[in-house]
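Take a look at the structure below.
The values are calculated or read from the model by the stated rules, or taken from the named source; none is laboratory data. Just so we're clear, the structure is a prediction, and the values are computed from it rather than from any experiment. The accessibility values were calculated without ligands, DNA or RNA, using every heavy atom of the protein model including side chains. Shrake-Rupley method; radii C 1.70, N 1.55, O 1.52, S 1.80 Å.
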Amino acid sequence: MPKRYIVQLNQEERKNLQDLVSTGRAAAYKIKHANILLNIDINGQGWTDEEAAKAFSCHRNTIANLRERLVKVGLESALERQINSKFKIINSKLKTISRGLYPPLIVDH
């Protein structure tokens, strides 16, 4: 089955990712994502999702999701963790409560 999202990095993107990996001064997940992107790039190693998943000890869906984020949103988003939509809903409710838009809880003893 042909890939839906093709990773094709330009020279500047490849250099940024290689610098990120070689310095090692970033979060482990960012370095892992950078390594994955460098290896699945069609101008580079051109690995399949299965090869990358095996090499980096993750699920092939992780690789597919990383491909999709790179193509749809961009390199910076692909390097970050994916934010769960449930977290966004909970976080927005907490912000609403902290702003005082909800009535305070009254506890009867």
(request) Any aspartates and glutamates with Cα under 15 Å of the K15 Cα? List them, leaving off those in the same chain fewer than 8 positions away. (result) D41, E76
(request) Find the accessible area per residue for the range 1-58; the probe is 1.4 Å, ligands and nucleic acids are left out, and the unit is Å². (result) 66
(request) Using θ = phi - 60° and the Karplus relation 6.51 cos²θ - 1.76 cosθ + 1.60, list the HN-Hα couplings for the range 17-31 in order, rounded to whole Hz, with x at every Gly or Pro. (result) 5, 5, 5, 4, 5, 6, 6, x, 10, 8, 4, 4, 5, 5, 5
(message) Using protein chains only and a probe of 1.4 angstrom, how many square angstrom of I6 are accessible, to the nearest 10?
(response) 80
(request) Report the full-extension gain for the segment R4 to S22: residue separation times 0.36 nm, less the Cα-Cα distance, to one decimal in nm. (result) 3.5 nm
